[in-house]
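Have a look at the structure below before the remarks.
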Amino acid sequence: MRDSKLIRTRPLTIWEFQEMNKAIYREANEHYSNDHLFRKFFEEVCRLMEVARKDNLKKISSQTARIFSWWLALGNRFNLDLGGALWIKYPGVCPYCLRPANCSCGLEHPDLPNKEQELRRLRKERQCQPNSLVEHQHLHRTLYGAQSKRIFVIQIAAHLAEEAGEVSKEGRHNNRSGLCDEMADVASWMFALANRCEFDLAATVWEQYPYECERCHQAPCVDKCSRTSV
């Protein structure tokens with residue numbers, strides 16, 4: 001049996017956040033089919049759209065943490081290494097323009113020669129690979145912070161919703177590689193939202209889920225918790 005003090009240590013890596021999510025919600029999530037879990041995830045993204053539309057910036061951070069929790073739940077359901085998926089998609093550079101900072105490709109992605117070969121090289125070398133969730137957010141601030149400052153919060157939320165739809169599609173088609181790719185994109189837009197609204201996603205998630213359910217404050221989450229009925 002694992003030491004309870006060790007279990008409740010604040011997570012640093014994405015894998016540790018996945019383990020924390022398992023400890024809290026694995027039993028509760030067993031009540032959900034795969035389709036139901038995708039729907040719960042997408043419902044939380046839609047709630048974020050409402051919060052952003054109403055410009056309720058005070059609730060942006062807590063709702064993003066809630067989306068992150070369901071993102072972890074999906075990763076656990078499909079046995080995904082979410083940190084690894086992020087590095088494969090974003091190996092220290094923008095995967096479209098290959099710039100290591102201040103990506104400027106915007107909506108138009110440049111057609112670069114030998115791009116896939118360069119991405120494969122970067123993935124293998126693992127130089128500057130983020131270890132912690134904080135470092136992943138910092139990498140995405142370096143890559144896309146300048147872009148995020150130029151657009152509205154509702155636009156970032158819309159991008160996040162678009163990627164959530166892609167996650168659902170890849171899951172529905174049982175495309176594991178596509179699911180990993182889209183899950184990484186969802187995380188990238190969560191980082192964009194955190195950077196745009198200037199909050200630390202890791203700290204926010206820990207404050208909201210300190211190895212316990214945000215509603216019943218138990219770990220594991222109890223069967224009659226309102227989370228299972230919302």
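The values are calculated or read from the model by the stated rules, or taken from the named source; none is laboratory data. What you see is a predicted model, and the numbers here were worked out from it, not measured in a lab. Counting neighbours? That spans all protein chains shown, and the Cβs are built from the backbone with ideal geometry, glycine included. What goes into the accessible areas is simple: the full protein's heavy atoms, side chains included, and nothing from ligands, DNA or RNA. Shrake-Rupley method; radii C 1.70, N 1.55, O 1.52, S 1.80 Å.
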Dividing the alpha-carbon radius of gyration of region 29-118 by 2.2 N^0.38 Å (N being the number of residues), what value is obtained?
1.40
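Which semi-axis lengths, in whole Å and largest first, follow from the square roots of five times the eigenvalues of the Cα gyration tensor of the chain?
28, 20, 17
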Got a sec to turn the phi values of region 121-128 into Karplus ³J(HN,Hα) couplings, 6.51 cos²θ - 1.76 cosθ + 1.60 with θ = phi - 60°, whole Hz, x for Gly and Pro?
5, 5, 4, 6, 5, 6, 6, 6
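Accessible area of the chain with a 1.4 Å probe: how many percent of it is carbon plus sulfur? Can you show the working numbers first?
On the way: 6050 of 12200 Å².
Roughly 50 percent, rounded to a whole number.
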Enumerate the residues in region 130-150 having an amide nitrogen under 13 Å from the point lying 7 Å beyond the Cα of E108 toward its Cβ.
none
With label points built 7 Å along Cα→Cβ from the Cα atoms of A203 and N79, find their separation and express it in nm.
3.7 nm
In whole percents, the bins of 10 Å from zero upward hold the Cα-Cα pairs of region 123-169 as 22, 37, 36, 5
Kindly express, to the nearest 10 degrees and within the range 0 to 90, the angle between helix 57-77's C-alpha long axis and the longest C-alpha principal axis of the chain.
80 degrees
Net charge within 12 Å of R196 by Cβ-Cβ distance, Lys/Arg positive one each and Asp/Glu negative one each, not counting R196 itself?
+2
Which number do you get for Rg(Cα) / (2.2 N^0.38 Å) in region 148-230?
1.32
Using only Cα atoms, find the angle between the long axis of helix 133-149 and the longest principal axis of the chain, and express it within 0 to 90 degrees, rounded to the nearest 10.
50 degrees
